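Take a look at the structure set out below.
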Amino acid sequence: MDDYYVAYAAFEQMLDKSLPPDYNDGLLPPDMIRELRAFSLEHTWERKLNAGETLVFNNQRMLHGRREFSIKGEGQGVGRQLIGCYTNIDDTVSNYRVRLREQANPDRFPVLNVGNGTSFLF
């Protein structure tokens, strides 16, 4: 069970940006904490979505989450809607390719290797 707590402490150091820079619960050496935080900063991508935007990602290839949010005008009928759905990657890419063929310039958005973390940004 001790290995679990050490792994959990390492995971917390990588994800919790609210921890003070000198925070150490004694489970990890200070050098490792610095390395974990540096790794986390290098490999973390954050984006604030605007109204109407959609984020699609491979659920098996990405650890994902969200930060807290506040709604301006709360209590005045303003709200946030977060919808999740799941799809088969083969069906999704096939549908995407069919839609591309229907476009005037299908080479504009090439389909890359979606199994290895490829992202479509347009």
| request: Would you please name the GluC sites (Glu not before Pro) within the stretch 1-50 that are DSSP coil residues with at most 14 other C-beta atoms within 10 Å of their C-beta? | output: 46
| query | Given labels modelled 7 Å from the Cα in the Cβ direction, how far is it in nm from residue 59 to residue 11? | reply | 1.8 nm
| note | Largest-first ranking of 5, 23 by accessible area, probe 1.4 Å, whole protein assembly kept, is 5, 23
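The values are calculated or read from the model by the stated rules, or taken from the named source; none is laboratory data. Just so we're clear, the structure is a prediction, and the values are computed from it rather than from any experiment. All Cβ positions, even for glycine, are placed from backbone atoms using ideal geometry, and neighbour counts span all protein chains on display. Note: areas computed on protein heavy atoms with side chains; ligands, DNA, RNA excluded. Shrake-Rupley method; radii C 1.70, N 1.55, O 1.52, S 1.80 Å.
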